[in-house]
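What follows is a short report on a single structure.
The values are calculated or read from the model by the stated rules, or taken from the named source; none is laboratory data. Because the structure is a prediction, the values reported are computed rather than measured. Don't worry about glycine lacking a Cβ; one is built from the backbone with ideal geometry, like all the others, and counts go over all protein chains shown. Protein only, heavy atoms only, side chains kept; ligands, DNA and RNA dropped before computing areas. Shrake-Rupley method; radii C 1.70, N 1.55, O 1.52, S 1.80 Å.
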Amino acid sequence: MIELLKTLCLIDGPSGCEDAVRDFVRGYVKEYADEIKEDSIGNLFVLKKGKKRRQAPLMVCAHMDEVGIIVKEITSDGYLKFDFVGGVDRRVAIGKRVLIGKKRIPGVIGLKAVHLTTKEERKKAPKLSELCIDIGCEKKSSAEKLVSPGDFGVFDSPFKALGENRIKARAIDDRAGCAVMLKLIGEELSYDTWFVFTVQEEVGCRGAVSAAYTVNPEFALVLESTTAADIPSSEGALRVCSLGNGAVIGCMDGGTIYDKKLFALLRKIAEEKGMKWQMKSRVAGGTDAKSIHVSRNGVRTTSLSVPTRYIHSPSCVADVRDIETVLVLAREFINCEEEVLNA
Amino acid sequence: MLSIKDILKKLCATASPSGFESETAKVIAEMAEDAGLSHSTDALGNLIIHRPGVGRRVLLDAHMDTIGFLATFIDEKGFVRFDALGGISVCELHNIPVKFLNGTRGVISYEQKTELKDRKMSSMFIDIGAKDEKTAREAVLPGDAAYFDGELRELSGGRIFAPYLDNRIGCAVALHTIMNLKKCDYDVYAVFSVQEEVGCRGAKTAAYAVEADFSIVLDVTDSCDTPCFDGYGETGMGGGAAIKIMDAAAIAHPSIISALVDTAEKNDIAYQRDVITAGGTDTGNIQLSRAGVPTGGISVPVRYIHSPCETADMSDIEAAAKLLRCALETQSIIL
């Protein structure tokens, strides 16, 4: 699992430019899949046949895209003005390395030295307009040879094992979900299942709109990464969810009130299997479920998420045991007998 | 035969915070069954009642969910932290009684050290009277939903107040109408939709399923007649049925607006023109369903919307119901 996560987290895939992730997934699933197709927005659909076919189809999905940056303008002195793709706290971007475009041009998001700042300036986060990317060019014409406005970029951040069970990487959101799906596609399944690797989740769960329309499922399971705030400055409910405490079962977030019977079913599965589960103690964020559950005449939708600290930053931290737990619960769920899901 | 007020009272005695609408759905379904109407429920929990006809297919929509609260965390002293289901201002939540769906009662209060202007949902808590976390968890678990604990009460002059006139009123208007329609060729579907307060989600799937030729949404609107009302608007209590022109999510279809205005004038029904620029309704999602659905609305002005004391005038509710019934029975809506 760690090796697969490492590979996935190091592939560039900012929203709208998921090609490299999709190519990897396509290559990986080739020997296991019964059908592979792609739609016009870039979602990758993988059908894995099982022993039986469901009357009420089930779709599993995870998003391939990650947060990143987009170049907006090259200044006369060769700096890049940029904006974020997806939700990034500009405070975590300052001083970080980025890789821009297919050629992976390196750059840094710079800010003037601390010596030169006033007390007032240090009290608040600089505006986006005060930030720029330095790619080492002296003038606009030389920068233009390397990058163009409209180029997308990602944070340049290595994958590291932390402590005994934890990993640090960019894009754990949602390559963790992708990794779980790849593992499941490699297994023997009880039922035919559509696995969808979606695009553009970070900019508003857009890929999932067409994915759910195309598959037209009755049930959906979304595999995600979610906001863990189990850090010393947060207490009680504000910790939201915690690393090492198992899979987060979706109850409600900013985009979805998840199906209650499926919530109860996942909780029951977790308890029977002796697996840890938790729910978020704040209603925040959103997942592809937001688009999926209101598709066509409605889809009963649930989610399993990996608690992830510092999510949407270059250095997310997650616990591999939680990812394994998500895999176990997802496996049990998608192999559930038809009447159990319908109950 | 149930009067519209009887229906309203029955609905006000049920609970249906967004995402947890089954209790209200059951009561509506029972009344529909007693009137000999068939019904179904979709994947999200929308209740769809059908009164077959040979004419054009009409979708009447009234959301049956209400704003409410979702327990998210139980602290070590047994206080329940929560988040809002729907749009609720913290200023409505100071020492207010609430009730969980499992019957547990509580009082919403606030962290005293946090100044009034800085209070957010995360500064608030529900005191359910538990002495510690263990006893609290025996009564309430994260994921449980609560709602304002109150019943329908009468004011003088035919006015009423209750926590959830938004949108028990729309439900009562739709249900009373479909139960009592006399001559009507339209193929009428009444959808009692879920999750309007969290983003008009239920209406989206219901509109897809019904695939109507046109739609009328029954909801409440701002009553702009209180002292120093913040904003502009002409709708007021006692002014009659509010015919939707526009809300923040939709512009009503011109043919439906004019048909409703004509119907009101021909039948001597008090009406007012309803323009609100803050706050959307299911109208927005229904009109964009599939290839588009001409959609309008009949609303009832309500004061103090999204508070525990939403206030309305029975004469406006009666006018809204009469307008809807006349529009359907005379088949005045021709597109």
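Helix A:19-29 axis versus longest C-alpha principal axis of chain A: approximately 30°, rounded to the nearest ten. Measuring r between the beta carbons of A:Lys160 and B:Leu155 and using R0 = 56 Å, the FRET efficiency lands at 0.25. B:Ser255 accessible area, nearest 10 Å², 1.4 Å probe? Around 40 Å² of this residue is reachable by solvent.
Convex hull over the Cα atoms of region A:9-103, averaged projected area in nm²? Working shown, then result.
Working: hull surface 36.0 nm².
It is 9.0 nm².
Calculated from the alpha-carbon coordinates, region B:269-316 shows an Rg and a Dmax of 13.6, 39 Å respectively.
When the alpha carbon gyration tensor of region B:68-148 is reduced to an equivalent ellipsoid, the three semi-axes, largest first, read 19, 14, 10 Å. Ranked by solvent-accessible area (1.4 Å probe, protein heavy atoms only, all chains present), the residues A:Lys103, A:Lys140 order from largest to smallest as A:Lys103, A:Lys140. Rolling a 1.4 Å probe across all protein chains gives B:Cys309 an accessible area of roughly 60 Å². Distance between the modelled labels on A:Ser190 and A:Val108, one decimal in nanometres: 5.5 nm (7 Å Cα→Cβ projection).
Scanning residues 5 or more positions from B:Gly19 or on other chains, those with amide H under 5 Å from its amide H are B:Gln195, with H placed 1.01 Å from N in the peptide plane. Accessible surface for the protein assembly as shown, divided over its residues, is 41 Å² per residue with a 1.4 Å probe. With 0.36 nm allotted per residue and the present C-alpha distance subtracted, the A:Arg53-A:Asn342 stretch has 102.6 nm of extension available.
Across peptide B:121-128, how many C-beta atoms of other chains are within 10 Å of each residue C-beta, on average?
Values: counts 2, 4, 0, 0, 1, 0, 0, 0.
Mean partner-chain Cβ count within 10 Å for B:121-128: 1.
Dipole magnitude for the protein assembly as shown: about 1560 debye, using +1 per Lys or Arg Cβ and -1 per Asp or Glu Cβ, origin at the Cα centre. Under 15 Å from a point placed 7 Å out from the Cα of A:Leu238 along the Cα-to-Cβ direction: which residues of region B:121-149 have their backbone N that close? Counting backbone N atoms under 15 Å from the label point, the list is B:121-125.
Seen through its C-alpha gyration tensor, with square-root eigenvalues sorted a ≥ b ≥ c, region B:204-299 comes out oblate because a/c lies at 1.5 or above while a/b is not bigger than b/c. Share of carbon and sulfur in the accessible area of chain A stands at 50%, probe radius 1.4 Å.
How big is the dipole moment of chain B about its Cα centre under a simple scheme where the beta carbon of each Lys and Arg is +1, that of each Asp and Glu is -1, and everything else is neutral? Debye, nearest 20, please. Don't skip to the end; give the middle numbers.
Values: 32 positive and 47 negative charges, 53 e Å.
The calculation lands at about 260 debye.
The angle between the Cα long axis of helix B:254-266 and the longest principal axis of the Cα atoms of chain B comes to about 80 degrees, rounded to the nearest 10. For the pair B:Ile245 and B:Glu111, a Förster radius of 60 Å applied to the C-beta separation gives a FRET efficiency near 0.90, rounded to the nearest 0.05. Note on chain A: Kirkwood radius taken over Cα pairs, Stokes-Einstein applied at 4 °C and 1.567 mPa s, translational D equal to 62 µm² s⁻¹. Between chain A and chain B, roughly 1800 Å² of accessible surface gets buried, counting both sides and using a 1.4 Å probe. With the whole protein complex present, A:Met1 retains an accessible surface near 40 Å², based on a 1.4 Å probe. Selection among B:Pro308, B:Leu323, B:Ile216 by position relative to the dipole of region B:199-335 gives B:Ile216 as farthest towards the positive end (Cβ unit charges, Cα centre). Across region A:82-92, rounded Karplus estimates of 3J(HN,Hα) from the backbone phi angles (6.51 cos²θ - 1.76 cosθ + 1.60, θ = phi - 60°) give 8, 9, 8, 9, x, x, 10, 6, 4, 5, 8 Hz, Gly and Pro being marked x.
Given all pairs of different Cα atoms, what value in angstroms does the Kirkwood hydrodynamic radius of the protein assembly as shown take?
Numbers: mean 1/r = 0.0371 Å⁻¹.
Averaging 1/r across every pair of different Cα atoms and inverting gives 27.0 Å.
Principal axis analysis of the Cα atoms in chain B yields extents of 62, 44, 39 Å, listed in decreasing size.
For chain A, with only Lys/Arg (+1) and Asp/Glu (-1) charged at the beta-carbon, what is the dipole magnitude about the Cα centre, in debye rounded to 20? Provide the component values of the computation, followed by the final result.
Working: 51 positive and 48 negative charges, 138 e Å.
Dipole about the Cα centre, nearest 20: 660 debye.
For peptide B:70-76, what's the mean number of Cβ atoms from other chains within 10 Å of each residue's Cβ? Walk me through the intermediate numbers first.
Values: counts 4, 3, 10, 9, 3, 3, 1.
Per residue, the average neighbour count from other chains is 5.
Between the residues A:Gly68, A:Cys137, A:Ser148, the greatest Cα displacement towards the positive end of the dipole of region A:68-155, with unit charges on the Cβ of Lys, Arg, Asp and Glu, is found for A:Gly68.
How many percent of all Cα-Cα pairs in region B:138-252 sit more than 17 Å apart? So the portion of pairs separated by more than 17 Å is 70 percent.
For B:Glu30 and B:Asn267 in the same chain, what is the full-extension length gain: residue separation times 0.36 nm, less their Cα-Cα distance, in nm? The partial results should precede the final answer.
Values: separation 237, 0.36 × 237 = 85.32 nm, distance 3.14 nm.
Gain in length upon complete extension: 82.2 nm.
Phi-derived couplings, Karplus 6.51 cos²θ - 1.76 cosθ + 1.60 at θ = phi - 60°, listed residue by residue for region B:50-65: 10, 10, x, x, 8, x, 5, 8, 10, 9, 8, 10, 9, 7, 9, 7 Hz, with x used for Gly and Pro. Ligands, DNA and RNA left out, the accessible area of region B:68-148 computed with a 1.4 Å probe is 50% carbon and sulfur. If you model region A:1-160 as an ellipsoid using its alpha carbon gyration tensor, with each semi-axis the square root of five times an eigenvalue, the axes come out at 39, 18, 14 Å, biggest first.
In terms of its C-alpha gyration tensor, region A:236-323 comes out oblate, because a/c is 1.5 or above while a/b does not outweigh b/c.
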